[in-house]
Amino acid sequence: ATVVPAIEAMVGANLAKAVTDAGYRGHNAPKEQTFKVYVAGMKRGLTRAIKRAFRRRAAVEPVIGHLKSDHRMGRNFLVGAAGDANNAVLAAVGYNFSLILNWLRWLWCALVLAAIATAGTPTIRPRTA
């Protein structure tokens, strides 16, 4: 009852639809706030945009799990609302930094393998009589 109006006030627009996971149990939003709720596993009445939203949600869920387990988002030791916000930002920075390090590791390996491949090929010189 308090979350939906807060989201609408923060976004500045009325919610038209909500895409939720299969554990969704319903909402107690005020009656003047009507929006369509799509639950994972629905088969009827799904447009391409809704299906894309389900796929996007499925892609975000593992990231949230990694943030909780690998980047200390599971337990917050910082105090207050500012501490909550700082903890989320720092966890996201750590996650993005690990993605950058993995990309650099892949790039370095590709460069080393390319250098090894070109160094191992002998140059062909024409014979002279």
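The values are calculated or read from the model by the stated rules, or taken from the named source; none is laboratory data. The shown structure was predicted, so the numbers you read here are calculated from the model rather than taken from an experiment. Glycine also receives a Cβ, built like all others from the backbone with ideal geometry; neighbour counts cover every protein chain displayed. Only protein heavy atoms, including side chains, enter the accessible area calculation; ligands, DNA and RNA are left aside. Shrake-Rupley method; radii C 1.70, N 1.55, O 1.52, S 1.80 Å.
Computed from label points 7 Å out along Cα-Cβ, the spacing between residue 97 and residue 25 is 3.8 nm. Its alpha carbons give segment 28-120 an Rg and a Dmax of 21.1, 73 Å.
Under a no-solvent Debye model with one identical scatterer per Cα of segment 79-126, what's log10 I(q)/I(0) at q = 0.20, 0.25 Å⁻¹? Once normalised to I(0) and log-transformed, intensities are -0.75, -0.87.
Solvent-accessible surface of segment 1-109, averaged per residue with a 1.4 angstrom probe and all protein chains in place: 79 square angstrom. Note on residue 75 and residue 33: the extension gain reaches 11.8 nm, defined as 0.36 nm multiplied by sequence separation minus the Cα-Cα distance. For residue 19, the residues 5 or more places off, or on other chains, whose built amide H falls under 5 Å of its own are 38.
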